[in-house]
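The values are calculated or read from the model by the stated rules, or taken from the named source; none is laboratory data. The shown structure was predicted, so the numbers you read here are calculated from the model rather than taken from an experiment. Glycine also receives a Cβ, built like all others from the backbone with ideal geometry; neighbour counts cover every protein chain displayed.
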Amino acid sequence: MPGAPDMPYLRYPGAPPAGTQLCHLDELPDTGAKGFLFGGDVNRFDMFVVRQGDRLYAYVNDCPHAHTPLDYMPDRFFNLEKSHLLCGTHGALFRVQDGHCVAGPCKGRRLTPIPVHVAEGMVRIGKFNVS
């Protein structure tokens, strides 16, 4: 699957496959986020899931500017107002709904999305366009 145009996150080493179980939906607070790590060393894969009401968004935890994780503390992905995702390294701000950087050193670039869905109360990695 590496190189699949609709699954760009799979280009990252250690990326988990579709169907991987992440957590129970109720472990994600509304307007909150949770990070997940898979593997280690050169195959370490770092991602996070954001919940806003009934919607879930997931991204590779990798700032397109410095290639550092966004969270400055575990599971701290938002700015103070909780209006944008915040890179704790250089202060870049990203829209939650599409990962587009609206301010900071990587303005105009995007976070790499990961498809997720809920099945039987569990948040799982899925395929894009899953209902």
Worksheet item: Just for the stretch 1-13: of the residues that are part of a loop (DSSP other than H, G, I, E, B) and modelled with pLDDT of 90 or more, which one is surrounded by the fewest Cβ atoms within 10 Å (Cβ to Cβ)?
Response: 13
Worksheet item: Hey, any hits in the stretch 56-66 for a residue that's modelled with pLDDT of 95 or more, out of contact with any His (no Cβ under 8 Å at 6 or more places or on another chain) and either over 24 Å from residue 115 (Cβ atoms) or acidic (Asp, Glu) (or both)?
Response: yes
Worksheet entry | Selected residue (criterion: farthest from the chain's Cα centre (by Cα)) from residues of the stretch 79-131 that are hydroxyl-bearing (Ser, Thr, Tyr) and modelled with pLDDT under 95 | 131
Worksheet item: In the stretch 89-121, which residues are surrounded by 13 or more Cβ atoms within 10 Å (Cβ to Cβ) and under 12 Å from residue 56 (Cα atoms)?
Response: 96, 113, 114, 115, 116, 117, 118
Worksheet, complete the sentence: The condition of being in contact with an Asp or Glu (Cβ under 8 Å, 6 or more places away or on another chain) and touching a residue at least 24 places away in the same chain (Cβ under 8 Å) holds, among 53, 88, 35, 39, only for 35
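Against the condition in a loop (DSSP other than H, G, I, E, B), small (Gly, Ala, Ser) and closer than 23 Å to residue 15 by Cα, how does residue 66 come out, does it pass? Lay out the reasoning, then the answer.
Numbers: in a loop (DSSP other than H, G, I, E, B): yes; small (Gly, Ala, Ser): yes; closer than 23 Å to residue 15 by Cα: yes.
Yes: the conditions hold for residue 66.
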